Amino acid sequence: MLTLGLIINPFAGIGGAVGLKGSDGPLVVEEAFKRGAKQKAQERTRVALEPLLAVADRIRFLTCAGDMGEALLKGMGFTYQLVDFNPDYPSSAEDTQRVAQLLIEQQPDVLVFAGGDGTARDICHVVGDRLPVLGIPAGVKIHSGVFGITPRASGEVLLRLIEGQLVDIREAEVRDLDEEAFRQDQVRARQYGEMRVVQSGHFVQSVKQGGTESEELVLADIAAQVVRDMEDDVLYLIGSGKTTQCIMDELMLESTLLGVDAVLNQELLAQDLSEAEIWALLQRHKDCVAVVSIMGGQGHVFGRGNQQFSPRILRSLGKDNLRIISTKTKITGLNGRPLIIDSGDPALDKEWGGLLEVITGYDDSLVYPLA
């Protein structure tokens with residue numbers, strides 16, 4: 001029987017949909033709730049563990065009381081044992097580290113955790129290379145290479161492990177951003193260590209590429225293409241990132257590097273929109289187009305740092321009103337891996353799968369699979 005340690009950061013990702021660009025610290029969690037945020041980490045962990053229900057008699061979990069593990073496992077019917085610790089509410093980084101230490105003492109086969117880069121950093125601080133780990137992506141910031149590309153992918157890796165298939169264990173970086181700088185549109189990431197991660201094929205993501213894209217002429221061509229095709233009285237939602245920022249530069253408009261901006265008739269309508277604010281705009285504007293870029297090194301289109309594009313937003317927009325832009329350098333850097341949508345709604349992700357057109361220059365585009 002395989003023993004899995006499980007730690008859920010129940011507040012991971014809570015700041016994403018409301019435009020807070022992170023979830024670290026009790027003040028951010030409090031502000032997120034004030035803005036109407038909903039907790040999603042439990043649901044994303046449930047999605048990851050669903051494939052294991054078929055082999056539930058071959059595994060047991062070690063976990064923590066309440067929302068850090070017990071509530072979900074009990075509801076799903078898994079066998080579990082609790083460590084001797086009751087976390088605070090809201091739970092803190094110190095709680096995560098304490099549970100990790102208690103789990104190390106009981107030596108599970110794999111330590112599974114749900115959260116973002118902050119959670120990975122807390123786990124790494126305690127665990128290091130003493131246990132194999134696997135992250136379930138549930139946060140706003142997912143730069144580390146210790147997470148499955150989606151919650152379902154994390155579950156597939158664990159299922160392969162339980163079924164005795166070949167699963168690698170490789171060292172991967174834990175990286176995290178400075179959230180305060182992040183909210184000021186400054187990307188400051190650093191490595192905090194490495195952990196041994198169970199991996200299988202394309203199910204575990206690469207470390208997110210950092211730095212500034214050097215292909216300035218290509219970005220200018222992409223921007224010129226998008227601006228040329230902009231139609232009157234159509235609302236354009238410009239997603240986050242340096243690639244999409246080139247469009248705002250072409251329009252000579254102020255932009256939010258790490259947020260979502262709204263443009264109407266080539267004028268700035270609103271900046272740094274939350275999910276609720278985007279939804280309100282969609283109710284007032286019949287025609288709307290989203291312009292988003294690809295996350296370098298990973299291939300995510302939705303699900304990494306842009307949770308403002310929630311499932312209801314994406315369904316309202318429709319796949320036909322999505323414009324993806326990227327340099328060919330980013331595409332070739334995926335080494336044949338598909339683009340990824342991780343909206344939090346598996347049914348939507350499946351519906352949107354298939355070939356998508358990617359704008360790669362002026363009157364230049366290619367088709368590439370989205371999975």
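The values are calculated or read from the model by the stated rules, or taken from the named source; none is laboratory data. None of these values were measured; they are calculated from a predicted model. Virtual Cβ from ideal backbone geometry, glycine too; neighbours counted across all protein chains shown. The area values use the complete protein model at the heavy-atom level, side chains included, leaving out ligands, DNA and RNA. Shrake-Rupley method; radii C 1.70, N 1.55, O 1.52, S 1.80 Å.
Could you list all residues from the range 315-370 that are of a type in the set (Ser, Thr, Tyr) and farther than 20 Å from PRO137 by Cβ?
SER316, SER326, THR327, THR329, THR332, THR360, TYR362, SER365, TYR368
Restricted to the range 265-298, and to residues that are aliphatic (A, V, I, L, M) and under 30 Å from ALA172 (Cα atoms), which residue is surrounded by the most Cβ atoms within 10 Å (Cβ to Cβ)? Walk me through how you get there before you give the answer.
If we filter the range 265-298 for residues that are aliphatic (A, V, I, L, M), which is where we start, we get 268-270, 273, 276, 278, 280-282, 289-292, 294-295.
Then keep just the ones that are under 30 Å from ALA172 (Cα atoms); that gives 292, 294-295.
Numbers: VAL292: 23, ILE294: 23, MET295: 27.
Here the answer is MET295.
Would you list the helices (runs of 4 or more DSSP H) that sit entirely within the range 213-319 and hold 3 or more residues that are farther than 26 Å from ARG152 by Cα? Reasoning before the result, please.
Working: elements: 216-229, 242-251, 275-284, 311-317.
Correct list: 216-229, 242-251, 275-284.
For the range 92-181, list the strands (runs of 3 or more DSSP E) that sit wholly inside it and hold at least 1 residues that are surrounded by 17 or more Cβ atoms within 10 Å (Cβ to Cβ) and among the aromatic types (Phe, Trp, Tyr); which are they? If you could, list the steps in order and put the result at the bottom.
Values: elements: 110-115, 132-137, 168-177.
Answer list for the range 92-181: 110-115.
State whether one or more residues within the range 131-152 are basic (Lys, Arg) and more than 13 Å from the chain's Cα centre (by Cα). Walk me through how you get there before you give the answer.
First, the residues of the range 131-152 that are basic (Lys, Arg): 141, 152.
From what's left, more than 13 Å from the chain's Cα centre (by Cα): none.
Within the range 131-152 (the criterion being basic (Lys, Arg) and more than 13 Å from the chain's Cα centre (by Cα)), the answer is no, since none of the residues qualifies.
Just name the residue that is least open to solvent (accessible area, probe 1.4 Å) out of those in the range 242-264 that are in contact with a Ser or Thr (Cβ under 9 Å, 6 or more places away or on another chain) and charged (D, E, K, R). Break it down stepwise before answering.
Step one: list which residues in the range 242-264 are in contact with a Ser or Thr (Cβ under 9 Å, 6 or more places away or on another chain), which gives 242-245, 247-249, 255-261.
Filter again for charged (D, E, K, R), leaving 242, 249, 261.
Numbers: LYS242: 84, ASP249: 92, ASP261: 3 Å².
Here the residue is ASP261.
Filter the range 184-198 down to residues that are modelled with pLDDT of 60 or more and either of a type outside the set (Asp, Glu) or assigned to a loop (DSSP other than H, G, I, E, B) (or both), then give me how many there are.
Going residue by residue through the range 184-198, those that are modelled with pLDDT of 60 or more are 189-198.
Remaining after also requiring either of a type outside the set (Asp, Glu) or assigned to a loop (DSSP other than H, G, I, E, B) (or both): 189-193, 195-198.
Result for the range 184-198: 9.
Can you tell me which of (1) at pLDDT below 95; (2) more than 26 Å from the chain's Cα centre (by Cα) is the one LEU273 doesn't meet?
Unmet for LEU273, out of (1) at pLDDT below 95; (2) more than 26 Å from the chain's Cα centre (by Cα): (2).
Could you identify the single residue in LEU322, LEU366, LEU334, LEU314 that is modelled with pLDDT under 85, touching a strand residue (DSSP E or B) at 6+ places or on another chain (Cβ under 9 Å) and aliphatic (A, V, I, L, M)? Working first, answer last.
Working: LEU322 fails: modelled with pLDDT under 85; LEU334 fails: modelled with pLDDT under 85; LEU314 fails: modelled with pLDDT under 85.
Only one candidate qualifies: LEU366.
Report, by residue number, each residue of the range 232-249 that is closer than 27 Å to GLN307 by Cβ and at pLDDT 90 or above. Walk me through it before giving the result.
Quick first cut of the range 232-249, residues closer than 27 Å to GLN307 by Cβ only: 234-249.
Within the range 232-249, VAL234, LEU235, TYR236, LEU237, ILE238, GLY239, THR244, GLN245, CYS246, ILE247, MET248, ASP249 qualify.
For the range 320-371: of the residues being within 22 Å of LEU237 (Cβ to Cβ) and in a helix (DSSP H, G or I), which is most open to solvent (accessible area, probe 1.4 Å)?
ASP320
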